[in-house]
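The values are calculated or read from the model by the stated rules, or taken from the named source; none is laboratory data. These figures come from a predicted structure and were not determined experimentally. Here the Cβ positions follow ideal geometry from the backbone for every residue, glycine too, while neighbour counts run over all protein chains shown. The accessibility values were calculated without ligands, DNA or RNA, using every heavy atom of the protein model including side chains. Shrake-Rupley method; radii C 1.70, N 1.55, O 1.52, S 1.80 Å.
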Amino acid sequence: MSFREIFCQDKPIALLAQAFALDRVAHATIFSGMEGVGKFKTASEWARLLLCHEPRAPAVQGPNESCGRCASCCAWEGGTHPDFHHVYKELRQFTADGKGKPAPVDLPIDVIREFLIERVASRPTLSARKIFVVDEAEKLNTSSQNALLKVLEEPPGYCCIILLCTRLEKLLPTIKSRTQVVRFGPIDEARVVDHLRRKGLEDFKALFFARLAQGSLGLADQWGALEAAEGRLYDTKRRIVAGMARLQLADTLDFAGQLLDDAKALSESWAGLGGLTSRADLNRRSQKTIVRILVSSLDDVMKLPLGLDRRPVNADQWDCIEALACRIGPEQAAARIVDGYESMQWIEAGVNDRLNLERLLLKIVKGM
Ligand SMILES: [Zn+2]
């Protein structure tokens, strides 16, 4: 891995490279941007560079790179670097009081206390710096943020904290004022399509998933992996979009039930692919995928007056989008898209899945 292998993030990488060249590396940084655009990959490369004993000068243009040979780089390759700390919510099961507790929805204070604050206090052992990468910082609850704030007020000189965050507004202003914010933009559609094609997806499927992902290579990759393995997600989406086009008030609860079954099946399939993601997270991911597909059909309706030039997500089911547009106007569609995003936040917050979905569908059907 190298900075060169990270897609479409030249600006944030250039910013980091400049800080490194000028020896002005911030003690606390927020990598802000949507899910799946390379924030963690960049943080990993950045950490490896900051920890390296003999960083290499940049090529003609571009950032310094870690040497790949020093004791730090070797420890990094082995995944055992003592000065690199990845902090994420699932660590709760390894905290003093967390054994046997279910996977948390938020990032609890126990994790921040035991895996960050207590470890910040001791000096690095192999490198000149000690790096903490905090995943899903938008899920830090208020007590976790307040605890973190104490470290950010007076960070030790060797300490470097990177918060990966998809929703900057969730962080306290006092946290933001003490950190450097580095923004990550969406990935170009052509790059995402190309990535999905390489995974073996046909062109029309690659295009659909790339547009559904709206610039998140990570999301497109999750969907692409599932489609390449089972080939069912795309069929599910076709059924959902067709169902939206003929949705009636009397069928709403049945439709919600069918969508929940679809989400369950997706979750099972993802679990079958392996990986470290908890079952609760896979359930949330599946439900959000279903809601995203619903929202994509409304999004196409909203843009329909602008024609096919606006790159509709469901160009492959244009007849359904036109049928849906006869039943819901662009303004109503826009309002229901907002409801859809709210519903996705509730999925993250662990609200009852059936109630959440039924409420969303009822709002959509009443807007027809
Ligand atoms: Zn090195």
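For segment 3-183, take the convex hull of the Cα atoms, compute a quarter of its surface area, and give me that in nm², please. So the Cα hull casts an average projection of 10.3 nm². If R₀ is 30 angstrom, what is the calculated FRET efficiency for the pair Lys101 and Ala265, using the beta carbon separation as r and rounding to 0.05? Taking R0 as 30 Å, the efficiency between Lys101 and Ala265 is 0.60. Accessible surface calculations at 1.4 Å, restricted to protein heavy atoms, place segment 232-366 at 47 Å² per residue. Computed extension length for Val338-Leu172: 57.4 nm, one decimal, from 0.36 nm per residue of separation with the Cα-Cα distance subtracted.
Which whole-number percent gives the relative contact order of the chain, counting Cα pairs below 8 Å spaced six or more residues apart? Here the relative contact order equals 16 percent. Protein heavy-atom surface of the chain, 1.4 angstrom probe: 51% of the accessible area is carbon and sulfur, with nucleic acids and ligands not counted. Computed over the chain, the per-residue total of -39500 (n - 2.57) for DSSP H runs of n ≥ 4 gives a 222 nm mean residue ellipticity of -16000 deg cm²/dmol, rounded to 500.
Look at where the Cα atoms of segment 219-235 and of segment 17-80 average out, and the two centres are 32 Å apart.
Computed over the Cα atoms of segment 232-366, the ratio of the radius of gyration to the Kirkwood radius (Rg/Rh) comes to 0.97. Spin-label model, Leu253/Ala315: points 7 Å from Cα along the beta carbon direction are separated by 4.1 nm. A 1.4 Å probe run over segment 3-183, with the rest of the protein chains in place, finds 49 Å² accessible per residue.
Taking 0.36 nm per residue of separation and subtracting the current Cα-Cα distance, fully stretching the chain between Leu276 and Glu331 would add 15.7 nm.
Our estimate of slack between Leu362 and Arg197, defined as 0.36 nm per intervening residue step minus the Cα-Cα distance, is 55.7 nm. As a length-normalised measure over Cα pairs under 8 Å and 6 or more apart, the relative contact order of segment 184-315 settles at 22 percent. The packing ranking of peptides 129-138, 264-273, highest mean first, is 129-138, 264-273, where packing means the average number of other beta carbon atoms within 10 angstrom of each residue. Using only side-chain charges placed at the Cβ, +1 for Lys and Arg and -1 for Asp and Glu, the dipole size of the chain relative to its Cα centre rounds to 480 debye.
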